[in-house]
Each structure stands twice: as C-alpha cells, then as structure tokens.
Amino acid sequence: MEKRRAFVGRDASALLLVAIVILLGGGVAFALYSLRSDPIQEFFAEDRVISVLYVIEENGEPLNTFVVLFYPNTRRSAVFDVPGDIGMLIRSINRVDRIATVFDPEHISPYETLVSGVLGIEITFSIVMSAADLGRSIDLMEGIDLFMPERVDFIDGSGRLVLLPSGINRLCGSKALSYFTHVAPGEDPEAAERRRQRFFLSFLERQAETNAWLQTPEVARLHRSLMRTELDERARLAIFDEFARMDMSRISVHAVSGTTRQVSGRTLLIPTHDGHLIREVVRRTLTGITRPAEGMDRHFTVEVLNGTTTSGLAGRTAEILREFGYDVIAVGNAEHSDYERTVIIDRSGYEVMARNFANIIRASNIVFETPDFSDSASLEVAMQNLDLRSDFTLIIGRDFDGRYVVGN
C-alpha cells in the first residue's frame, strides 16, 4: 500500500512538472511570437518610414484618399493626396477604370494595392473613416482649428447657411465636415483641392494635440470604434503616439496630377508622364524626410522662362515643378527664344538645394549668383533685387524635351 502511494505521488509530481514546463514554454513562445509579430516594433527597429493610408468615405465611395509618410528619427513627414478617379489598368476586372472602382470600406486591400502602385511605395497600415465618423472624431477632439484666408459662406447638407469669418476658426464636427465636403459654385478645382488638404492637415495636427486625451481607456475605445483598421489596439496607439511627435511646421503636401481623358464613357485622371512623375516625387520626398539637407526648412520660389519657340513649354514645366513642392511665382518668356542650353540661375545661397532642383530635370548648367556686399550701397541694391527675384530662375533651352535636359 505504501509503495502504491509513493508511486502515485511520484506520478502526480511528474505530471505537475510537465504541466509547469508546458505553461512556461507556452508563455515564452507566446511572448516571442508577440514580439515577432508586432508590426510597429518591427518598423521602429528597422528604422523605416511609416506610411499610413487614410481614406474618408461616404456611402461606400472614397471622398478623399491621403497617404501620410512619417520618419520617426527626423520627425519629418509628407502627405500625398491621391484622387479616386485616377485611371489605370485594374487587373482584377481586366479593364482601365477609376481606382475607386475597387474600393470597399470593409475590404481595403485591393484599393490599398492600387494606391501603392500609383505612388510606388508599400503601404504600411490603413485607416478608413466614414464622413459621419470623421465628424464624430472631431467632436471627440473638441473641434479643429481651420484658417480661412477670407470669409466663407455656404449651405451645408441640411440646407443651413454656414458663415465662417476670415482668420482661425474652431469648428465642431458638423461644421468641419460641411466645410470639408461642400462644393462651392464656381470654385476652382485646385482651390477646392487645397481646401481639403488644409482640412486634413488641421485634422492631423489636432489629433496630435489631443493624443493624450484620445489614449485614455474609455476615449480610446470610442475613438477606435470610429475607424476601420487592421491595426490592433496596441499598434494603433503606438502609431498615434508617433504621429503626435510629427513636426507639422515642416510637413509637405503633394497631389497626384494629370490630364483628364474619356475612356469608355468614364472621365479618368491619367497621371502625368504615365505616373513616372509622381513616383519620382515620392522617391525624392522620402530622401528629403529621411536625410534632410541644409536649406530643407526653406520654401523655395521659382521663375520659369521659355527660351525656345515651343509654345506653352514654360507652363507645362511649371506644373512639373509644383509637383515637387516648389512655389512657381512667375511663368513667361525669356529675353530671346534661341537658348541652346537650359540654364538655372541660383540666388538661394544653398548650393546643395540648387543642385537638387537641377536634378529634377537633369540640368547641369547652373549659374550661382552672389550678391555684391562690397559696400553699403551695393548691399542695399542687392538685397532689394533678392527680395524681388525668385530663389531659382529656370530658362528653358532647346536641349529640354519637356521633362529632362538631354545631351548634357
């Protein structure tokens, strides 16, 4: 009998030991799996740019699509505005159509893939919000601040007149949403585009300002319910923690531009140079936010002059430069129309930035103008001239093919 008890005791002890080993092993395995499968930690550890797709939708259609690129080490970021009417070959339906055709707020992957293709980058995470939930999110943040260059009057979706004075306005969710979605009679499409971009930047900034409040447990649960995302709660909070560090004063905004064409009865936006231009803009933007050079904080102005007999060349080139974020303040003709070589005149004082500008069109002919500071009179004249002139003057020559300088 005693032997039997001893045997049973040893057996129970062995079983208990095995159970403990299994539990410990399982805990370690789970911890390792959690660390390995946490995408946020992987990205931070690998020192990579985070790219988040934001889609604001209404009735299953994307109203606006923005891609936010953010590099934590420099706190620099950029936003790309991607219109839903971009036309491209969609292999899943085997035809050229709007990328918005594949949009499904419950299944974002196909749309995410097409946006990735347009920009030439991998989308890290996606966030989809309905217009109504966007308004609720703004109310959760106690409104957002929007700057109105001039008074804005419009009729909202309920037929009510909304009056917004010039200056900074703190808007509640419903007013902010009306401002974002309304279509002003006769409004220039580019002005409407800039208005929606300013709204999105204000939304990001307010989200950063209220991040601590949004991460309190009860508020976080409500905030999470206002969006669709593949991010688990820990990853979502970590992303917003990082976005709260974003330097909003140096954020750049770019929009995919192109020409509209009718394809099978549908109006499509065909990206400039078949999409090669916007992908180059993205590549240069990534370089700028990850390895900022001296002068990156400056907003550079450009004058574009046509030194050839090709009509409209300066205007088309100006559009390319605007894609890269330059402020084109003048477009016109050069003193004569027989320039053989394209030339860039630099007055910025930043040689690296001047060469970066030249590289956009693969130009090598750069003239660096240095003001004459030899006496006070010359200094005054030089400073007056600098105030009146752009940072860069681009004079287009016959060696420019509409996109690049050839035969350097």
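The values are calculated or read from the model by the stated rules, or taken from the named source; none is laboratory data. Nothing here was measured: the structure is a model prediction, and the numbers come from that model. Neighbour counts are summed over all protein chains in view; Cβ atoms, including those assigned to glycine, are modelled from backbone coordinates with ideal geometry. Only protein heavy atoms, including side chains, enter the accessible area calculation; ligands, DNA and RNA are left aside. Shrake-Rupley method; radii C 1.70, N 1.55, O 1.52, S 1.80 Å.
Gain in length, GLU61 to VAL406, computed as 0.36 nm per residue apart minus the alpha-carbon separation, to one decimal in nm?
119.9 nm
How much accessible surface does ARG160 have with a 1.4 Å probe, in Å² rounded to 10?
Approximately 140 Å² of ARG160 is accessible to the 1.4 Å probe.
For SER257, what is the net charge nearby, where nearby means another residue's Cβ is under 15 Å from its Cβ and Lys, Arg count +1, Asp, Glu -1?
Around SER257, the charge tally is -2.
I'd like the FRET efficiency for ASP153 and GLU190, computed as 1/(1 + (r/R0)^6) with the beta carbon distance as r and R0 of 30 Å, rounded to 0.05.
0.90
Tell me, what does the Kirkwood hydrodynamic radius of segment 43-108 come to in angstroms if you use every pair of distinct C-alpha atoms?
Taking the inverse mean of 1/r over all distinct Cα pairs, segment 43-108 comes out at 13.6 Å.
How much of THR267 can a 1.4 Å solvent probe reach, expressed as accessible area in Å² and rounded to 10?
Spelled out: THR267, probe radius 1.4 Å, area about 70 Å².
Can you give the accessible area of THR290 in Å² (nearest 10), computed on protein heavy atoms with a 1.4 Å probe?
40
Taking square-rooted eigenvalues a ≥ b ≥ c of the alpha carbon gyration tensor, is segment 240-310 rounded, prolate or oblate, where a/c under 1.5 means rounded and, failing that, a/b exceeding b/c means prolate?
It comes out oblate by the Cα gyration axes.
In segment 192-283, which GluC sites (Glu not before Pro) are in a loop and have at most 16 other Cβ atoms within 10 Å, using DSSP for the loop call?
Within segment 192-283, the qualifying GluC sites (Glu not before Pro) (loop, at most 16 other Cβ atoms within 10 Å) are GLU230.
Please report, to two decimal places, log10 I(q)/I(0) for segment 174-233 at q = 0.17, 0.27 Å⁻¹ as given by the Debye formula with identical point scatterers on the Cα atoms and no solvent.
Relative scattering, expressed as log10 I(q)/I(0), comes to -0.74, -1.14.
Over segment 99-158, what per residue volume does the convex hull of the Cα atoms give, in whole Å³?
In segment 99-158, the Cα hull volume divided by residue count equals 181 Å³.
Taking only the alpha-carbon atoms of segment 320-372, what semi-axes of the equivalent ellipsoid follow from 5 times the gyration tensor eigenvalues under a square root, in whole Å, largest first?
Largest first, segment 320-372 gives 17, 16, 13 Å.
Find how many whole Å separate the alpha carbon centroid of segment 140-200 from the alpha carbon centroid of segment 320-336.
30
Report the calculated FRET efficiency for GLU351 and ARG48 (r = Cβ-Cβ distance, R0 = 25 Å), to the nearest 0.05.
Calculated transfer efficiency: 0.25.
Counting only other residues whose beta carbon sits under 10 Å from that of THR74, what net charge do I get with K and R as +1, D and E as -1?
+3
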